[in-house]
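What follows is one structure encoded as structure tokens, with my remarks underneath.
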Amino acid sequence: MKTHVLVAAMATAVLLSTPAMAQFQKAEDAIKYRKAALTVMGNHFTRIGAMANGRVPFDAAVAASSADVVETLSKLPWEGFGPGTDKGDTRAKPEIWTEKAKFEEAAKTMQSEVAKLSAAAKTGSLDAVKAAFGGAAQSCKACHDAYRSN
Ligand code: ASC
């Protein structure tokens, strides 16, 4: 095989084996991306929590809109946890990479809980939002307790 063909084949193999990292130029960019997604998700989750806990009046449209944002954002952070993104400006614990399957399971649980919250919010019922909020909050907390340092 000619050298340039071989190099191209190797480059393709590397890209295919690291699909997530291919989206980011540097580890730092992946870290920024996942933190941004989690920050915006947390902000909108808190808005729903304020209504669920009675700190602000319930507005069904605002709750549904925020829950929709949370549901969409819940799908995003994970590709930012690729190989080599364990070091840098991050509180991510090494267990994310050493217990990858457990971390992914926790991420999936959170996504399923916030999907339920979003479905609840779409009904326009505060009681439905309240019922779904606790499980979603618990799924955020479980992951933070296990995989985020203080
Ligand atoms: C939030 C937020 C989180 C979760 C978590 C729930 O509002 O930013 O990360 O709720 O604290 O326990």
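None of the figures in this text is laboratory data; all of them are computed from the coordinates on show. Note that the coordinates shown come from a computational prediction; the quantities given were computed from them, not determined experimentally. Positions of Cβ are generated from backbone atoms using ideal geometry, with glycine treated the same way; all protein chains shown enter the neighbour counts.
Using Cβ point charges alone (K and R +1, D and E -1), the dipole size of the chain about the Cα centre works out to roughly 160 debye.
Calculate the dipole size of the stretch 61-150 relative to its Cα centre from +1 charges on Lys and Arg beta carbons and -1 charges on Asp and Glu beta carbons; express the result in debye to the nearest 20.
It comes to approximately 100 debye.
For the pair Trp97 and Ala119 in one chain, pulling the backbone fully straight at 0.36 nm per residue adds 4.8 nm over the alpha carbon distance. Only helices enter the 222 nm calculation for the chain: every DSSP H run of n ≥ 4 contributes -39,500 (n - 2.57), and dividing by all residues gives -23500 deg cm²/dmol, rounded to 500. Each residue of the stretch 68-84 was assigned a 3J(HN,Hα) from its phi angle through the Karplus curve 6.51 cos²θ - 1.76 cosθ + 1.60 (θ = phi - 60°); the sequence is 5, 4, 4, 4, 5, 5, 5, 8, 8, x, 4, 6, x, 9, x, x, x Hz, with glycine and proline shown as x. Please state, as a whole number in µm²/s, the translational diffusion coefficient that the Stokes-Einstein equation yields for the chain at 10 °C and 1.306 mPa s, with Rh defined as the Kirkwood radius across alpha carbon pairs. Estimated diffusion coefficient is 94 µm²/s. With unit charges on the beta carbons (Lys and Arg positive, Asp and Glu negative) and the dipole taken about the Cα centre of the stretch 41-150, which residue among Ala101, Phe58, Thr85 sits farthest to the positive side? My answer, from the dipole projection, is Phe58.
Given their separation in residues at 0.36 nm each and the Cα-Cα distance between them, Ala142 and Glu105 gain 12.2 nm when the chain is fully extended. Here the stretch 40-100 yields Rg over Rh of 1.15, to two decimals, using C-alpha coordinates and the Kirkwood radius.
Of the cross-linked pairs Lys100/Lys130; Lys35/Lys130; Lys108/Lys141; Lys116/Lys141; Lys93/Lys130, those separated by over 22 Å at the C-alpha level are Lys100/Lys130; Lys35/Lys130; Lys93/Lys130. Converting phi to 3J(HN,Hα) with the Karplus coefficients 6.51, -1.76 and 1.60 and the offset θ = phi - 60°, the stretch 117-133 yields 5, 5, 4, 4, 5, 5, 6, x, 9, 4, 4, 5, 5, 4, 5, 8, 5 Hz in sequence order, with x at every glycine or proline.
Report the paramagnetic label zone for Thr46: residues of the stretch 129-145 whose backbone N is under 17 Å from a point 7 Å from Cα along the Cα-to-Cβ axis. The answer is 137-138, 140-141, 144.
When the trypsin sites (Lys or Arg not before Pro) in the stretch 52-150 are filtered for DSSP coil states and for at most 16 other beta-carbon atoms within 10 Å of their beta-carbon, the remaining sites are Arg55, Lys75, Lys87, Arg91.
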